[in-house]
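Report on the structure given below.
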Amino acid sequence: MAKAHRRKPMSEINVVPYIDVMLVLLVIFMVTAPLMTQGIKIELPEAISEPMTIDDESQTLIVSIKKDGTLFFNIGEKGIPSSKSKIAENTKKILAVNSNVKILVEGDKTLPYGKIIEIMEILRQSGAVSVGLITQPPKS
């Protein structure tokens, strides 16, 4: 009788199924990424101004005021609902650690001017030397 031919074990990996899974995941992430926008919906006033340059080293603290007067304290990417006293307290703590933090206020364009000034005064009393206002460029 003739000996049975033994096959050598195959040591290659078939990567085609892995590529298919990765392409499906890529499509899912491409579709869902724009839907996961974070931030506070505020209709900013329009003004012609130069864009700010933000260093990688410096942090930016943004206080947002919505149309209904709700306050948000933004450090980094997160918007945390807040009150005037908490904003003052948190600003003091942040400025004590890093005095180079850029402080900006963004308020809805329908808010009374006094509300914006009130928040700017709270920030100034908390130790902020310079407070900027966020606007959007005019629509042409």
Sole residue being of a type in the set (Val, Ile, Thr) and at pLDDT 85 or above, chosen from ILE75, ILE87: ILE87
Criterion violated by ASP55 - all others in (1) acidic (Asp, Glu); (2) at pLDDT 65 or above; (3) assigned to a loop (DSSP other than H, G, I, E, B) satisfied: (2)
Some residue of the stretch 112-131 being surrounded by 13 or more Cβ atoms within 10 Å (Cβ to Cβ), among the polar types (S, T, N, Q) and either within 23 Å of the chain's Cα centre (by Cα) or more than 21 Å from LYS67 (Cα to Cα) (or both): yes
Residues located in the stretch 69-99, provided they are of a type in the set (A, V, I, L, M) and in a strand (DSSP E or B): LEU71, ILE75, ILE80
Residue match in the stretch 24-44 (condition: outside any strand (DSSP E or B), closer than 30 Å to GLU89 by Cα and modelled with pLDDT of 85 or more): no
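The values are calculated or read from the model by the stated rules, or taken from the named source; none is laboratory data. Everything numeric here is computed off the predicted structure, so don't read it as measured data. Virtual Cβ from ideal backbone geometry, glycine too; neighbours counted across all protein chains shown.
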